[in-house]
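Everything on this sheet refers to the single structure shown next.
Read-outs: derived from the displayed coordinates by stated rules, not from any lab. As the structure is a computational prediction, the values presented were derived from the model and not from experiment. Note that we place each Cβ from the backbone using ideal geometry, even for glycine, and neighbour counts take in every protein chain shown.
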Amino acid sequence: MLNLTFLGHACFLLDDGKHKVIIDPFISGNPMAKVTVDDVKADFILLTHGHGDHFGDTIELAKKNNATVISNFELATFCTSKGVKNTAGLHIGGGADFPFGSLKLTIAHHGSTLGGDLAYGGNPVGFIIRMDGKVIYHAGDTGLFMDMKLIGEMDKIDMALLPVGGYFTMDINDAAKAVEFLKPRKVIPMHYDTFDPIKTDPVKFCEKVKQQGVECIILEPGHSYGLE
Ligand code: NI
Ligand code: MN
């Protein structure tokens with residue numbers, strides 16, 4: 001069984017019992033987080049883009065756990081420059097095998113800058129992750145895009161992790177359309193309620209998704225879901 005723990009905002013920890021993979025580790029400074037950086041153990045850190053609410057505690061977490069940071073080339077290179085020993089800088093459309101499984105980088109329509117001086121963070125991405133025989137799609141921050149149809153055609157997605165908060169990303173209506181395109185078995189909404197502009201009602205999203213016959217799981221920060 002693949003265990004998915006929602007750490008708040010867009011941060012998920014995937015654990016198959018052997019490997020721990022964390023996505024977008026925004027923990028300190030995340031008003032929704034129920035854990036501290038010291039509580040978190042990870043072997044791999046996946047980064048969708050450079051914005052602070054995703055890059056978060058990457059450097060500290062990578063050094064503390066001797067974890068490998070996997071991202072686009074620009075963010076991986078930035079992490080190397082900050083003293084992270086193990087990085088993998090891939091890019092959109094590319095993928096690789098890792099001890100936990102494999103992944104592929106997808107497009108995401110968004111920005112990707114680092115810090116207050118808006119340093120270039122490469123293109124934002126999403127991830128198709130294969131782990132424990134399951135296919136997980138973490139969309140990153142993105143607006144709705146037509147190629148989600150292609151993503152859904154090429155991979156049978158077991159779990160889609162989709163932003164639904166609007167303002168910076170898809171809202172619940174666009175995210176429900178994304179589910180139509182992606183045709184996942186299950187979906188978990190993310191990237192809502194953390195800040196005032198992205199307050200929304202995930203139950204409304206789930207109602208729309210259920211009409212499509214897709215299972216929708218609302219995870220409270222700190223809670224886990226066992227994906228069979
Ligand atoms: Ni962002
Ligand atoms: Mn964001």
Pull up the cross-link candidates among the lysines for LYS134, meaning alpha carbon to alpha carbon under 26 Å and not fewer than 8 places away within one chain.
LYS18, LYS20, LYS41, LYS104, LYS149, LYS156, LYS177, LYS183, LYS186, LYS208, LYS210
Could you tell me which Cys residues in the chain have no other cysteine's Cβ under 4.7 Å from their own Cβ, answering none if every one has a partner?
CYS11, CYS79
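To make sure I understand, if each residue's beta carbon is the centre and we count other beta carbons within 10 Å, what order do ASP196, ASP155, ASP38 fall in, fewest to most? Intermediate results must be reported in sequence, preceding the final value.
Working: ASP196 7, ASP155 18, ASP38 11.
So the ranking, lowest neighbour count to highest, is ASP196, ASP38, ASP155.
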Between GLU207 and GLU220, how many nm apart are label points set 7 Å from Cα along the C-beta direction?
2.2 nm
Can you list the aspartates and glutamates whose alpha carbon sits under 12 Å from that of LYS204, skipping same-chain ones fewer than 8 residues off?
ASP171
Using the Karplus curve 6.51 cos²θ - 1.76 cosθ + 1.60 with θ = phi - 60°, what ³J(HN,Hα) values do you get for each residue of segment 8-23, in whole Hz, with x for Gly and Pro?
x, 6, 10, 9, 10, 10, 9, 9, 9, x, 10, 10, 10, 10, 10, 10
Using amide H atoms built 1.01 Å from N in the peptide plane, name the residues 5+ places from MET190, or on other chains, whose amide H lies under 5 Å from its own.
LEU162, VAL164
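Run the dipole for the chain about the Cα centre, Lys and Arg Cβ at +1, Asp and Glu Cβ at -1, nothing else charged, and hand back the magnitude in debye, nearest 20. Could you put the intermediate results ahead of the total?
Working: 21 positive and 28 negative charges, 81 e Å.
Computed about the Cα centre, the dipole is about 380 debye.
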What full-extension length gain, to one decimal in nm, is calculated for ALA88 and LYS18 as 0.36 nm per residue of separation minus the Cα-Cα distance?
23.2 nm
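What FRET efficiency do you get for ASP97 and THR36 if R0 is 41 Å and r is their Cβ-Cβ distance, rounded to the nearest 0.05? Please report the intermediate quantities before stating the final value.
Values: r = 32 Å, r/R0 = 0.78.
E(calc), rounded to 0.05, equals 0.80.
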Can you grab the distance from the C-alpha centre of segment 7-60 to the C-alpha centre of segment 183-228, Å, no decimals?
18 Å
3J(HN,Hα) from dihedral phi, segment 168-173, Karplus parametrisation 6.51/-1.76/1.60, rounded to Hz, x for glycine, proline:
9, 9, 4, 9, 5, 5
Tell me which residues come under 5 Å, amide H to amide H, from THR68 once H is placed; ignore anything under 5 positions away on its chain.
PHE44, ILE45
